[in-house]
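Here the structure is laid out as structure tokens; the discussion comes afterwards.
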Amino acid sequence: MLALTELGQRLRQERESKGLSLEDLQKLTKIQKRYLLGIEEGNYEVMPGKFYVRAFIKQYCEAIGLDTDAIFEEYKSDIPSTQTEDMPQQLSRVRSRKEIPQHTKGVSKAYDYLPTVLVVAGVVVVGIIIWVIAQNIVSDKNKEQANQEAPNSEVQQSNTQEETNETTAKNDNSKSEDEQSAADKKEQEKEKAEKEKAEKEKAAKEKAEKEKAEKEKKDSGKQEYKEVQKTGRSATYALSGTDAFNLEVTSTQADTWLDVKNGKGNAFFSSILKKGETKQFDLTKETEARVNIGYSPGVELKVNGKAVDLPFDSSKQVRQVVTIQYQPAEAQ
């Protein structure tokens, strides 16, 4: 095994202080375990290239909550530079006339004929525009002549249409009055039914909310959460006076390892709890729950919706284990 560099030793200490193994860190960063081990041992030869060394170190630091810029500045002698790696051998893009491919000569000749082609195209476009304008003028004249020849027929047709419309309107009015009356009655009945339904739903909702508030008030008055013992980084609490055991864990500052098991060792959750993520557990059927927190700063616990403090100062004790012994109220 290689001797640790100062940087590797610093990173390993920070990782272990947060209760993370190399496997945990591999899950967080998606970097293979052998590369993470190479960073800690200063064995950069196992990396695909110097660029990956710097990139992997940056991801390692971010995963355990270190300032990347500060680490790169403090341990710059331990981190390889990528300024000269993979530098292209040919930097100049200038090419001599002899290097220009022969097939581009034909393109150059085509550009010589471009002005002539543009002039011809312009003449054609102008001719099309003139022809369209002429067609529009002829069409407008024909329409004007037709309008002057048939004004009387349009007036007669208009008068006949007005008389027909008046007759139709009278018939429609007599029908619409009866239809409107029936529609108004139907609408009134619909509004009455909807109003009665809304009043019933409101009354049922108010009743349910009242019952829920009374139950919560009753439970909150009985629930008791008290410390039983503390030792090392572990603490035990007793939960009593309630018929429910709901646990809620939230991480607000950084990713952390979270392991929640019952008294028999069966795991409910054993993975990374990401920053800003909340996990809820219904443990009402359990008599004991063990909560192992790998990185406690910023972690919040709630029991039955009520926030409870962690047993230790998270700035002094990063990893904490909380055991909660539960006894239902009906069994007391």
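Evaluated against (1) on the phi > 0 side of the Ramachandran plot; (2) surrounded by 12 or more Cβ atoms within 10 Å (Cβ to Cβ), G232 falls short on exactly one condition, (2). For the stretch 249-277, what are the residues that are over 20 Å from G65 (Cβ atoms) and open to solvent by 40 Å² or more (accessible area, probe 1.4 Å)? Those that are over 20 Å from G65 (Cβ atoms) and open to solvent by 40 Å² or more (accessible area, probe 1.4 Å): K261, G263, K264, G265, N266, A267, F268, S270. Against the condition under 29 Å from E62 (Cα atoms) and open to solvent by 20 Å² or more (accessible area, probe 1.4 Å), how does D313 come out, does it pass? Yes, satisfied. Here E62 qualifies as open to solvent by 90 Å² or more (accessible area, probe 1.4 Å) and at pLDDT 90 or above.
Given the condition open to solvent by less than 40 Å² (accessible area, probe 1.4 Å), without any contact (Cβ under 8 Å) to a residue 40 or more places away in the chain and polar (S, T, N, Q), answer yes or no: does some residue in the stretch 293-307 qualify? No, the conditions are met nowhere in the stretch 293-307.
Comparison of E14, E6, E41, E23 shows that the only residue that is open to solvent by 40 Å² or more (accessible area, probe 1.4 Å), closer than 30 Å to S315 by Cβ, touching a Leu at 6+ places or on another chain (Cβ under 9 Å) and not hydrophobic (A, V, I, L, M, F, W, C) is E14. Inspection of the stretch 274-290 identifies no residue that is under 24 Å from T231 (Cβ atoms) and under 29 Å from the mean Cα position of the chain (by Cα). Considering the stretch 316-332, and only residues there that are part of a loop (DSSP other than H, G, I, E, B) and in contact with a helix residue (DSSP H, G or I) (Cβ under 9 Å, 6 or more places away or on another chain), the residue that is most open to solvent (accessible area, probe 1.4 Å) turns out to be R319.
The values are calculated or read from the model by the stated rules, or taken from the named source; none is laboratory data. Just so we're clear, the structure is a prediction, and the values are computed from it rather than from any experiment. Don't worry about glycine lacking a Cβ; one is built from the backbone with ideal geometry, like all the others, and counts go over all protein chains shown. Remember, those area values only see protein heavy atoms, side chains included, never the ligands or the DNA or RNA. Shrake-Rupley method; radii C 1.70, N 1.55, O 1.52, S 1.80 Å.
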